[in-house]
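Right, one structure below, let's go through it.
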Amino acid sequence: MPTPDLSTIVLATRNPGKIAELRELFAGAGVSVVGIDDVAPDAPEPEEGTASFIENATIKARAYAAACGLPCLADDSGLEIDALDGAPGVISSHYAFDGTTDGPAAAMTRAERDAANNERVLRELGGVPPEQRTARFVCVMVLAGADGATLAQSRGTFEGRIGQPPDVPRGDNGFGYDPLFLAAPEFARTGAEFTKDEKNARSHRGAASRAMLDQIRAFRNG
Ligand code: ITT
């Protein structure tokens, strides 16, 4: 197989929080990283499934690679809460709406959706004691070549617990469920209280990115 040209990789996301984290993580690897809106602002958002993180990341990477003709890196991520049998899982971004992306969810800003999701999680965990509020963020990454073929996959996790009000929500950094998520092993600070560098060093996306970068370097040295 010829070595793919990975000098420029498009991040298959419009989530500004994720783009900021990933730019930071890929900086210095000699790979130029651009957002989908930089190269194909009109690319339609692909319809994600509800089967698995890997299926969703593959759908996103392939669709955006086809739309812009460049290698595309997609991640799919979410929060798994043990006491909720792994929910919100693949519907983390729209949990307050049972995963539905149209209707009232479509009229909300990302911040409003995050707040509604967080309220639902706290409501459903009402009365559950701290040691049973274990949870983890999961991130799966798929790199698709310009032709849509899968070139590499990686996975990372970030363990913690969902805090209890009024102790949480807390913190101004990050996004999504970060203000509720007390990171293991200390359970002292939420994901929203880590600096960007601290979060990247410990997070699911950081781990998945480093594993992906190792594979990209291997291609480039290849
Ligand atoms: P794209 O599909 O455009 O990439 P998205 O926000 O929909 O953006 P996902 O499908 O990966 O992203 O959904 C992940 C959801 O899981 C996200 O909206 C958050 O609610 C939550 N999540 C993932 N990583 C997180 C993190 O590091 N901190 C807090 N919440 C996170």
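Each reported figure results from applying straightforward, stated rules to the coordinates on display, with no laboratory input. Being a predicted model, the structure only gives us computed values, none of them experimental. Cβ atoms come from the backbone with ideal geometry, glycine included; neighbour counts cover every protein chain shown.
Ordering F194, A66, A27 by the projection of their Cα atoms onto the charge dipole of the chain, which places +1 on the Cβ of Lys and Arg and -1 on the Cβ of Asp and Glu, puts A27 at the extreme positive end.
For region 81-94, backbone phi angles converted through the Karplus equation (6.51, -1.76, 1.60; θ = phi - 60°) give residue-by-residue couplings of 10, 4, 5, 10, 6, x, 5, x, x, 5, 9, 3, 6, 10 Hz, Gly and Pro being listed as x.
Relative to the current alpha-carbon distance between A51 and D197, full extension at 0.36 nm per residue lengthens the span by 49.4 nm.
Shown is the FRET efficiency for R23 and A188, computed with R0 = 35 Å from the Cβ-Cβ distance and rounded to the nearest 0.05: 0.80.
The length gained by stretching the chain between A146 and L122 to full extension, at 0.36 nm per residue less their Cα-Cα distance, is 4.5 nm. By other beta-carbon atoms within 10 Å, ranking R120, R133 with the fewest at the front produces R120, R133. Ordering H94, H204 from the fewest to the most neighbouring beta carbons within 10 Å gives H94, H204. Charging the Cβ of each Asp and Glu at -1 and of each Lys and Arg at +1, and nothing else, the dipole of the chain about its Cα centre rounds to 500 debye. Volume of the convex hull of region 139-222 (Cα atoms only), normalised per residue: 103 Å³. From least to most packed, judged by other beta carbons within 10 angstrom and beginning with the fewest, T195, T157 follow the order T195, T157.
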